[in-house]
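Participant: A single structure is presented below for examination.
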Amino acid sequence: MSEADESDDQRRARGLPPAPHLPGDPVSEPPEPPKPVNIGFGLVVAASVVLVLAFVLQLLDKDALTEELIAQNTDENITGAQIAAGVESMLWALVVGAAAIGGLMVLFAWKARQGTRSARTVVTVLVVVTALLSLLGGGYTVIGAVLLALGGAALMYLPSVDPYFPRVVKNP
């Protein structure tokens with residue numbers, strides 16, 4: 001078999017990029033992902049949506065959080081207005097951060113769904129970041145998002161789907 005007759009998967013298994021396609025060349029369809037990979041992708045997308053929704057809901061309930069923090073304040077140098085401004089800034093930062101992490105999780109889960117091994121690793125790292133983000137707040141909704149993301153990432157590591165993610169061969 002010549003190099004020109006190799007499939008993209010065979011080239012990737014040898015550590016090469018996919019063959020370039022010239023204009024007018026027929027484009028071959030990628031192989032259908034295994035069912036666990038599709039389910040894992042769906043769980044990661046759901047986790048991303050739930051993660052963003054959790055922090056948006058917390059932003060909408062900022063008054064209750066602000067009142068609680070003002071009541072707990074024991075420092076006379078910090079005013080209620082300063083606490084209120086800090087809470088709103090923090091919540092907006094959490095919403096933007098959750099949206100960014102959620103978007104990256106979806107992007108790399110999509111690439112993992114296409115069989116890219118390194119994207120599967122990036123999804124796993126982002127799930128760990130999401131778990132760490134859950135320590136900042138969000139309550140049970142964020143914990144639910146983390147569990148969904150963990151389930152989705154775990155499905156991409158099942159032994160039955162390992163052949164779908166070819167190992168990159170390193171040249172000596």
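Participant: P(r) for region 35-160: what percent of alpha-carbon pairs falls in each 10 Å bin, starting at zero?
Facilitator: Histogram of Cα-Cα distances, whole percents per bin: 14, 39, 24, 14, 7, 2, 0.
Participant: I want to verify a result. In a Gaussian network model of the chain, Cα cutoff 10 Å, which of these has the top mean-square fluctuation: Ser48, Ser89, Ser118?
Facilitator: Greatest mean-square fluctuation among the candidates belongs to Ser89.
Participant: Let me have the 222 nm mean residue ellipticity of the chain computed from DSSP H runs of 4+ only, each contributing -39500 (n - 2.57), with the sum over all residues rounded to the nearest 500. Intermediate values should be presented prior to the final figure.
Facilitator: Values: 6 runs with 110 residues, N = 172.
So the calculated ellipticity at 222 nm is -21500 deg cm²/dmol.
Participant: Also, I was wondering about something else. Roughly how tilted is helix 80-113, in degrees to the nearest 10 and between 0 and 90, from the longest Cα axis of the chain?
Facilitator: Helix 80-113 sits at roughly 10 degrees to that axis.
Participant: Then there's this: Do any trypsin sites (Lys or Arg not before Pro) in region 63-172 lie in a loop, going by DSSP, with at most 11 other beta-carbon atoms within 10 Å of their beta carbon, and if so which?
Facilitator: On the way: sites: Lys111, Arg113, Arg117, Arg120, Arg167, Lys170; in loops: Arg167, Lys170.
Of the trypsin sites (Lys or Arg not before Pro), the ones in loops of region 63-172 whose Cβ has at most 11 other Cβ atoms within 10 Å are Arg167, Lys170.
Participant: Note the angle between two axes, namely the Cα long axis of helix 140-155 and the longest principal axis of the Cα atoms of the chain, as a number of degrees from 0 to 90, rounded to the nearest 10.
Facilitator: Compared with the principal axis, the helix lies near 10 degrees.
Participant: Counting alpha carbon pairs within less than 8 Å and at least 6 residues apart, what relative contact order, in whole percent, applies to the chain? Kindly include the intermediate steps, with their values, before the conclusion.
Facilitator: Numbers: 171 pairs, mean separation 66.0, N = 172.
Over the chain, the number comes to 38 percent.
Participant: Another question, then. How would Asp8, Asp25 line up from fewest to most surrounding beta-carbon atoms within 10 angstrom?
Facilitator: Least crowded to most crowded, the residues run Asp25, Asp8.
Participant: In region 4-87, what trypsin sites (Lys or Arg not before Pro) fall in a loop by DSSP, with at most 16 other Cβ atoms inside 10 Å?
Facilitator: Here the trypsin sites (Lys or Arg not before Pro) that fit, given the DSSP loop and packing criteria, are Arg14.
Participant: So what J values fall out for region 31-36 if you push phi through Karplus, 6.51 cos²θ - 1.76 cosθ + 1.60 with θ = phi - 60°, rounded to Hz, Gly and Pro as x?
Facilitator: With the stated coefficients, region 31-36 comes to x, 5, x, x, 4, x Hz.
Any read-out appearing in this document is the output of simple, stated calculations on the displayed coordinates, not a laboratory observation. Note that the structure is predicted; figures quoted are calculated from it, not measured. As a convention, Cβ positions derive from the backbone with ideal geometry for all residues, glycine included, and neighbour counts pool all protein chains shown.
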